[in-house]
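Chemist: Mind looking over this structure? Questions follow.
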Amino acid sequence: FRGFTLSLIVSQPAGVHRLYDAAMDAGAESIKPVTKSMWGHGSVLRAPDGTVWQVATSAKKDTGPDSGEIDDIVLLLGVSDMKASKQFYVDHGLAVEKSYGSKYIEFASRPGEVTLAMYKRKGLAKTVGVDAEGGGSHRLVVGGDTEPFADPDGFEWETAANAG
């Protein structure tokens, strides 16, 4: 756990089960199996490279066959200081889409783009069931339409043409 998760958001529980099963078949480790909760269905997995993934839907039940689609991909950064990190990203041109005080912040994105969001690092670790200090991969480089920079928590951004 490096202080971030990647989330795949789907439209209904069948999609969560499909992605969870595919990840397990590909060698992922289950941290939290698919469960139903008051907010929907979700699971947490660790990929073979150490990246922690969440797979979720806000739907409580299936309304038809699984579409096979992923509705959204969210990069959720665990940050030490929500206020400072929010201001840092706003100063770098990101617009806040949703803000729940010091709990959760989501930045605006266009369809087809990865959504950037932030959560307190310890809270994110608790939510996904891992140690906040972590010991996994420290490799995360984010590509964007910007000059290279590092945020207050050390996440590095590169110009998209250079990423990869």
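The values are calculated or read from the model by the stated rules, or taken from the named source; none is laboratory data. Here the structure is a predicted model, which means the values were calculated and not measured. Note that we place each Cβ from the backbone using ideal geometry, even for glycine, and neighbour counts take in every protein chain shown.
Chemist: When residues of the range 47-68 are filtered for being within 17 Å of L124 (Cβ to Cβ), small (G, A, S) and touching a strand residue (DSSP E or B) at 6+ places or on another chain (Cβ under 7 Å), how many remain? Please lay out each step first, then the result.
Modeler: From the range 47-68, those within 17 Å of L124 (Cβ to Cβ) are 47, 50-56; that's our starting set.
Still in the list and also small (G, A, S): 47, 50, 56.
Filter again for touching a strand residue (DSSP E or B) at 6+ places or on another chain (Cβ under 7 Å), leaving 47, 56.
Total satisfying the criteria: 2.
Chemist: Tell me the strands (runs of 3 or more DSSP E) entirely within the range 1-107 that contain at least 2 residues that are closer than 27 Å to D145 by Cα and in contact with a Ser or Thr (Cβ under 9 Å, 6 or more places away or on another chain).
Modeler: Result: 4-9, 52-57, 72-79, 104-107.
Chemist: Step by step: first the residues of the range 108-126, then only those that are touching a residue at least 24 places away in the same chain (Cβ under 8 Å) and outside any strand (DSSP E or B), then the one that is surrounded by the most Cβ atoms within 10 Å (Cβ to Cβ). Which residue is that?
Modeler: Here the residue is L124.
Chemist: Would it be correct to say that E106 is modelled with pLDDT of 90 or more and not polar (S, T, N, Q)?
Modeler: Numbers: modelled with pLDDT of 90 or more: yes; not polar (S, T, N, Q): yes.
The answer is yes for E106.
Chemist: Would the range 89-96 turn up any residue that is among the β-branched types (V, I, T), touching a strand residue (DSSP E or B) at 6+ places or on another chain (Cβ under 9 Å) and within 28 Å of K36 (Cα to Cα)? It would help to see each step written out before you state the result.
Modeler: Going through the range 89-96, the residues among the β-branched types (V, I, T) turn out to be 90, 96.
Still in the running and touching a strand residue (DSSP E or B) at 6+ places or on another chain (Cβ under 9 Å): 90, 96.
Still in the running and within 28 Å of K36 (Cα to Cα): none.
The answer is no, given that none of the residues of the range 89-96 is among the β-branched types (V, I, T), touching a strand residue (DSSP E or B) at 6+ places or on another chain (Cβ under 9 Å) and within 28 Å of K36 (Cα to Cα).
Chemist: Out of (1) farther than 25 Å from A108 by Cα; (2) touching a residue at least 12 places away in the same chain (Cβ under 8 Å), what's the single condition that is false for D25?
Modeler: Evaluating D25 over (1) farther than 25 Å from A108 by Cα; (2) touching a residue at least 12 places away in the same chain (Cβ under 8 Å) leaves (2) as the failure.
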